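Novice: One structure, pasted below without further comment.
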Amino acid sequence: MTAEYEAVVYDLDGTLARLAVDWEQVREDVASKLRARDIEVEEMSLWDLFEHAHGGPLERAVEEAIEAHEREGARRSDRLSLADELPLDVPVGVCSLNCEAACRIALEMHGLDRHVQTIVGRDTLDSYKPDPEPLLHAIRGLDAEPTAALFVGDSESDELAAERAGVEFQYVADRTSR
C-alpha cells in the first residue's frame, strides 16, 4: 500500500478517530455569540456561521467556542479502525478541519501521536480545507512531493482539497473495504 507513496496524510475526524462532539450544541453556542451582536442566524448552518465570522471582529470568539467543544470531544473520542494501519513505512501527517489542539489531543488519546510527524488543523494556517494549502503544508512537512503523496479522508471537502492540491485521494470506506 505505502510503497507507491512517499507520504500519507489523513483527515482526523471520521478517518482516524470520531470526536464526541454535539455539533448542534456547537452551532447553538456559536449562534448565540452572533445573536448577541444582532446578527440573524436562524437559517445558517454551523459552517455558515463560521464563514460569516471569519475575518471579522467575532472570528476569535466563534473559533474559541468551536475549539472548546472540539478539544473536549477529542478527549472523549473513539478510535476508528483505519487507525490500526499505523505505523506506516512512510511519513504520516494529519490535515483536518478540526482545530490543531483537538487533533493533537485525539492522536495522543489513542496512541497515534508517535506515528504522526506533522499536524495541520483548521487554525494552523490562514486557510483551511478545501483550500489546498493546508494539505500542501502537511505534505511539505513530511518532505514529500504532492504527486507522490496520498490523502485519506471521509468527505467531499477532503476529496476537493486533494484534487486542488494535485494529490491522490482515497475515501476511508474504500480503504477499509479492501
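Read the figures in this text as sums done on the coordinates, not as results from a lab. The shown structure was predicted, so the numbers you read here are calculated from the model rather than taken from an experiment. When we count neighbours, we look across all protein chains shown, and the Cβ atoms used for this are built from the backbone with ideal geometry, even at glycine.
Novice: Using Cβ contacts closer than 10 Å as the measure, can you line up F151, F169 from fewest to most?
Specialist: Exposure proxy ranking, most exposed first: F169, F151.
Novice: Still on this structure, please answer the following. For the chain, take the longest principal axis of its alpha carbons; what is the angle in degrees between that and the long axis of helix 23-35, to the nearest 10 within 0 to 90?
Specialist: 40
Novice: Once fully extended, how much extra length lies between R140 and E72, figured as 0.36 nm per residue of separation less the alpha-carbon to alpha-carbon distance?
Specialist: Working it through step by step, the gained length comes to 21.5 nm.
Novice: Further, regarding this structure: Mind checking the full-extension length gain between S157 and R60? Use 0.36 nm per residue of separation minus the Cα-Cα distance, one decimal, nm.
Specialist: 32.6 nm
Novice: What's the FRET efficiency of Q25 with T147 using the Cβ-Cβ distance as r and R₀ = 41 Å, to the nearest 0.05?
Specialist: 0.50
Novice: Something else about it: Taking a label point 7 Å from the Cα of S81 along the Cα→Cβ vector, which residues of region 145-178 have an amide N closer than 11 Å to it?
Specialist: Residues 173-178 fall inside that zone.
Novice: Subtracting the Cα-Cα distance from 0.36 nm times the residue separation, let me have the gained length for D38 to S127 in nm, one decimal.
Specialist: Value of the extension gain: 29.3 nm.
Novice: Then there's this: Go through 120-130, 89-99 and give me the packing order, highest mean Cβ count within 10 Å leading.
Specialist: 89-99, 120-130
Novice: Please report how far the C-alpha centroid of region 12-37 lies from that of region 71-102, rounded to the nearest whole angstrom.
Specialist: Centre-to-centre distance over Cα atoms comes out at 18 Å.
Novice: Report, to the nearest 10°, how far helix 59-75 tilts away from the longest principal axis of the Cα atoms in the chain, using its own Cα long axis and a range of 0 to 90°.
Specialist: Approximately 50 degrees, to the nearest ten.
Novice: Percent relative contact order of region 23-75, based on C-alpha pairs within less than 8 angstrom and at least six residues apart?
Specialist: Here the relative contact order equals 39 percent.
Novice: Also: Around G121, under 12 Å between beta carbons, what's the net of Lys plus Arg minus Asp minus Glu among the other residues?
Specialist: -3
Novice: Could you state the angle between the C-alpha long axis of helix 156-165 and the longest principal axis of the C-alpha atoms of the chain, as a value from 0 to 90 degrees rounded to the nearest 10?
Specialist: The two axes meet at around 60 degrees.
Novice: Among the GluC sites (Glu not before Pro) in region 1-86, which ones are in a DSSP loop with at most 10 other Cβ atoms within 10 Å of the Cβ? Mind listing them?
Specialist: Listed in order of number, the matching sites are E40, E42, E43.
Novice: What's the exposure ranking of Y5, Y171, Y10, going from fewest to most Cβ atoms within 10 Å?
Specialist: In order of increasing Cβ crowding within 10 Å: Y171, Y5, Y10.
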